[in-house]
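Presented below is the structure to which this report refers.
The values are calculated or read from the model by the stated rules, or taken from the named source; none is laboratory data. Source: prediction; values computed, not measured. All Cβ positions, glycine included, derive from the backbone under ideal geometry; neighbour counts span all protein chains shown. What goes into the accessible areas is simple: the full protein's heavy atoms, side chains included, and nothing from ligands, DNA or RNA. Shrake-Rupley method; radii C 1.70, N 1.55, O 1.52, S 1.80 Å.
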Amino acid sequence: QVQLVESGGGLVQPGGSLRLSCTVSGTSVASYTVGWYRQPPGKQRDLVASLSRDGSTQYRDSVKDRFTISRDNAKNTMYLQMNGLKFEDTAVYYCCIFFPGQAYWGQGTQVTVSS
């Protein structure tokens with residue numbers, strides 16, 4: 001019954017910004033660690049950012065100071081604010097909730113950075 005629905009992806013020029021949203025049903029974004037992953041064309045899926053229950057965050061080095069992960073508990077929604085987008089940020093982005101022994105994933109949303 002846990003479901004994650006993503007929105008906010010699209011085509012953006014280098015230097016632009018996007019905010020990805022992930023609305024969760026069936027559980028609370030406040031109860032578990034949440035994260036964003038991305039999978040560039042031809043590459044593996046890698047962690048972009050995570051946010052734990054206590055508010056601690058973790059970012060991959062290539063997005064640190066450009067991306068921000070957050071959550072709105074009242075709306076049961078998690079976000080990834082992406083600023084200063086680069087060509088190498090092009091990927092399918094997935095939101096995730098980390099349950100014990102299992103991860104729940106969004107459907108993925110395409111982010112394309114192109115001039």
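Just how much of V48 is accessible, in Å², when a 1.4 Å probe is used and the result is rounded to the nearest 10? Result for V48: roughly 0 Å² accessible. Relative contact order for the chain: 37 percent, from Cα pairs under 8 Å spaced at least 6 residues apart, divided by residue count. Structural descriptor for segment 1-42: relative contact order 40 percent, calculated from alpha carbon pairs under 8 angstrom and at least 6 residues apart. Full extension of the segment from D46 to F87, taken as 0.36 nm per residue of separation minus the current Cα-Cα distance, would add 13.1 nm.
Counting every Cα pair in segment 1-87, what percent are over 16 Å apart? When all Cα pairs of segment 1-87 are counted, 55 percent exceed 16 Å. Applying the Karplus relation 6.51 cos²θ - 1.76 cosθ + 1.60 with θ = phi - 60° to segment 62-70 yields 3J(HN,Hα) values of 5, 10, 4, 6, 10, 10, 9, 9, 8 Hz, where x marks Gly and Pro. Other residues lying with their Cβ under 11 Å from the Cβ of N83 contribute a combined charge of +1, Lys and Arg counting +1, Asp and Glu -1.
Each residue of segment 11-27 was assigned a 3J(HN,Hα) from its phi angle through the Karplus expression (A = 6.51, B = -1.76, C = 1.60, θ = phi - 60°), giving 9, 9, 7, x, x, x, 10, 9, 10, 8, 10, 9, 8, 10, 10, x, 7 Hz with x at Gly and Pro.
Between Q13 and D72, take the C-beta separation as r, use R0 = 22 Å, and let me know the FRET efficiency to the nearest 0.05. Efficiency at R0 = 22 Å is approximately 0.20. For the chain, DSSP calls about 95 percent of its internal beta bridges antiparallel.
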